[in-house]
Every structure is written in structure tokens, then in C-alpha cells.
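The numbers here are math on the coordinates, done by the rules we state, and not lab data. Predicted model only: the values in this text are computed from it and were never measured. Cβ atoms come from the backbone with ideal geometry, glycine included; neighbour counts cover every protein chain shown.
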Amino acid sequence: MRRRLVLSTVAIVAVVLGAISVPIGLIVYDAAERQLDTRLAELVVAIEADYSAAIEAGRVPDPAALGARLGPQDALRIEPIAGAAVTAGASEPARSTRAVSQAAADGAVITVRTDADPLDDNFRRQVKALLWLALGALGAAAALAAVQARQLARPLERLSARAGRIGDGDFSAQRFAPTGIPEIDDIGAALDVSARRVDDMLASERHITADITHQLRTGITGIAMRFEILTRHPDREVAAEATTGLEQTDQLNATIDDLLAAARRRGTDQRVVFDATQVVAAHVDEWRPRFDRVRRHLAVVVVRPAPPVVGTIGLFGQVIDILIDNALHHGTGTVTVMIDGADVVVVDQGPGIAADRLDSVFEAPADPAARHGRGLPLARRLAQADGATLEVIDPRPLRLRLRLVRGDPAA
């Protein structure tokens, strides 16, 4: 920005100097020409008066006396009606000359000529002087523009740094220091207001999340305690079901921890290399009883063996759960979970998604109180937090592909 301000200022000054210097040079040259012509006219009038006075007195005009008025670069030529021309003054021809003629009383033509080279040389010196002045003006303009650019760029750089800190999540209450430039100060004040509002909203959401988490953990702890008591039941079947329920409560606690970690850090620190096939099979086994209750089938098909993948097992399992749950509630028929290398594709036999909804299928509903439409957006956010991608590859029937990060050295 500073460079642009300096270059633009120098360009403007150069244009202005060019627009002014050319007319000034022409005016100076024209004034010098007029001055030279006036001197020659006065000189030839004076010489003609001396010449006419000598003729009237009956004397023969003396060229030397007439040439006494001439300057070093001047020359005189008198062409009488009869006889040879009379000359006086400078005799060497000049590169350029200026001449003025005057007719005498006896008909003779008196011409005064002078060398115009000094006029051109003087004009060139003046042009050089103007050029040096223009260069000095350009240098001064560049220096002033640099100072002005620094004074203008510093507030903008501070404003940019402030916006960057807000973008990084730094919503500190320190106000943007006024710069004296109303437009920049207005933007800084607007950023301060926005930062405070976002900070208040995030603080409120953190408190709500903490309260909800606390209540959930309290309820889950109570359920776990009941399951733990039931694990001592004399009926082995009841004890086994209680043990399974206790394991699921532990898994639910781990799920809450993973979700909180992913939401707070936009990622996770528990990324490991694991076998996606085993994780998918374990989650499918957990969902199969629910499909059996509604007389639907859930299957796993391995198209290509899955290579080792890198990710968080908890987040990956939650994404699989969301995709299977979405197929259970919104799809029909058999749900197939296909493992195709590092891709996990979930397919159901339902009507799929209309073409006009493809662009918004992964967008959360605008209404915070909406109970539906949050599963797939959450699944994509969890996948992206773990470095994976989730996309629709076929709307009818709906085919959702989760592409994992390969963990083998060739990836």
C-alpha cells in the first residue's frame, strides 16, 4: 500500500509538472524572441536615422560610424540603389540568424542581422534548469508521499492486525486506539462492537454447553450406577445386558469428550493409525438390533480392503453412527455400508435427495430450535475436524462417501 501511494503521488506530480513546464518553456522562449526582435528593430531605426542624416547633410555615410551601434554578434548590410552593398560588424556566418530591415529615405535597404545561437543556448539552459527543478520537485513529492503513506498505512496495518486477531479468536476487550481518520476509526469501532458481541455469544454458548454437559454426565452417571448394580443380578442374561449398557454409558461419556474437544479446538489430538473395517463392523453390530426391530437389513460390504488410515477413532465412529442413523430414519430398505479402500460409502434404498437440496444438505438449519437437519452437517464438521471429507456422490438412491486420510507411507 505504501508503495502504491508513493508511486501514485509521484505520477500525479510528474503529470502536473509536465503540464506546467511545457507552457512555461514556450512562454520564456517566446519572450526571449520578442526581446531580441525589439532590440534589432530599435537598432535598425537608429542606424537608419544616422544614415539619413548623413545623406541629408551631403556626406557619404561611413560604415564604421554606422556600425558603432552594433553588438559583437551583430552585422550591418546596406544595399543602395546603385553601387555595391556596404557591410559592417560580424562577418562570420551563424548557424541561425535573426534579421530586421528598414528602408532609408534614398531608397537604400538597411538590414541588421544578429546571431540567434545564444538565444537557443539560453533556452536550452533554461530547459535544463526546469528539468532539475522538476526532478527536485519529484524527489520532494516522493519524500512527502512516503511520510503520508506511513501515517496512513500504520492505522490500516493496526486495523488489519486487529481484524486478524479477531479472526483467530482473540476477542480481548481492548479498544481500537483512535487514529484521527474518521473512516478508519469507524471501522475500528465496528470491529470492537462485533468482537464484544461474538465474545458474549461464545461465553454464553460455553456456559450452556458446560451446563448441558454437566447435566448429561449426571444422568449418565446415575444410569451407569443402576447398570453396575444390575451386573450383580443372579440372572446371567440380565447381568450381561447390564454389562453391555454399562459399556455403552462409558462410550457415551467418551463421545461427549470427543465432541467437546473437537468443538473447542476445531480438531483433536487423539489421531492414530487404525483399521477402518474393524471400527465400521463394530458400529454396524451395535446398530443391527435397531434395524431388526423395524424389519430392515444392515450389511457391510468390502469392495476393496481398507488400508491403514489416520484419524480419531471416536470421531470416525460418531460419523458412521450419524450416517447409519440418517439412513434408518430417512431412508428405506436395506442399508449397505461399503468399504472401498480408504472410502466408506453408506447407501440406502430410499427416495434420496432432490436436486435442488444438494447444495444445502450439509448446511445446518437456520432455526436453532429445528429438530431435524442437523445430523449430516454435524457429520461433515466432525469429518473435517479429523482431516476427512464427506460428500454426496449420488442423490438417488442416496450415496454418502466418507473419504479418510490414508496412513500408509505411500499416501
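Cα gyration tensor of the stretch 295-411, axes a ≥ b ≥ c as square roots of the eigenvalues: rounded (a/c below 1.5), prolate (a/b > b/c) or oblate?
Working: a/c = 1.89, a/b = 1.30, b/c = 1.45.
In terms of gyration-tensor shape, oblate.
Between amide H atoms placed 1.01 Å from N, distances below 5 Å from Asp74 occur with Ala90, all of them 5 or more places distant or on a separate chain.
Expressed in whole Å with the largest first, what are the equivalent ellipsoid semi-axes of the stretch 7-54 derived from the C-alpha gyration tensor as the square root of 5 times each eigenvalue? Before the final figure, lay out the partial values.
On the way: eigenvalues 429, 4, 3 Å².
Ellipsoid semi-axes (Å, largest first): 46, 4, 4.
The residue among Gly375, Leu402, Thr312 whose Cα reaches farthest toward the positive pole of the charge dipole of the stretch 283-402, with charges on the beta-carbon of Lys, Arg, Asp and Glu, is Gly375. With N the number of residues in the stretch 190-243, Rg(Cα) / (2.2 N^0.38 Å) evaluates to 2.10. Note on Arg232 and Gln248: the extension gain reaches 4.0 nm, defined as 0.36 nm multiplied by sequence separation minus the Cα-Cα distance.
For the peptides 332-341, 223-232, what is the packing order when you average, over each peptide's residues, the other Cβ atoms within 10 Å and list the highest mean first?
Details: 332-341: 17.2, 223-232: 14.6.
Top of the packing list down: 332-341, 223-232.
Charge tally for Ala282 (other residues, Cβ to Cβ under 12 Å; Lys, Arg +1; Asp, Glu -1): -4. Label separation (Asp394 vs Ala177): 6.3 nm, computed from points 7 Å beyond Cα along the C-beta direction. In sequence order, the stretch 390-402 has phi-based couplings of 9, 8, 8, 9, 7, x, 9, x, 5, 10, 10, 10, 9 Hz under the Karplus curve 6.51 cos²θ - 1.76 cosθ + 1.60, θ = phi - 60°, and Gly or Pro positions carry x. Of the residues Val15, Val309, Val345, the one that moves most in a GNM of the chain with alpha-carbon contacts below 10 Å is Val15.
Comparing Asp120, Asp30, Asp106 in a Gaussian network model of the chain (Cα springs below 10 Å), the most mobile by mean-square fluctuation is Asp106. Our coupling estimate for the stretch 240-253, obtained by passing each phi through the Karplus curve with A = 6.51, B = -1.76, C = 1.60 and θ = phi - 60°, is 5, 5, 5, 5, 4, x, 5, 5, 5, 5, 4, 5, 5, 4 Hz, Gly and Pro reported as x. When the charge dipole of the chain is built from unit charges on Cβ atoms (+1 for Lys and Arg, -1 for Asp and Glu) and taken about the Cα centre, the candidate among Leu70, Gln251, Thr334 whose Cα reaches farthest toward its positive end is Gln251.
If I take R0 = 41 Å and measure r between the Cβ atoms of Thr209 and Leu358 in this structure, what FRET efficiency does the formula 1/(1 + (r/R0)^6) give, to the nearest 0.05? Spell out each step's value before the answer.
Working: r = 31 Å, r/R0 = 0.76.
Once rounded, the FRET efficiency stands at 0.85.
Around the amide H of Val405, modelled in the peptide plane, lie the amide H atoms of Val310, all under 5 Å away and 5 or more residues distant in sequence or on another chain.
Given an 8 Å cut-off on Cα distances and at least 6 residues of separation, report the relative contact order of the chain as a percent.
Details: 501 pairs, mean separation 40.3, N = 411.
Across the chain, relative contact order equals 10 percent.
Give me the Kirkwood hydrodynamic radius of the chain, using the inverse of the mean 1/r over all pairs of distinct Cα atoms, in Å to one decimal. Don't jump to the answer; show the numbers that get you there.
Working: mean 1/r = 0.0315 Å⁻¹.
The Cα-based Kirkwood calculation yields 31.8 Å.
Between Gln126 and Thr277, the distance separating the two model label sites (each 7 Å from Cα on the Cα→Cβ line) works out to 9.6 nm.
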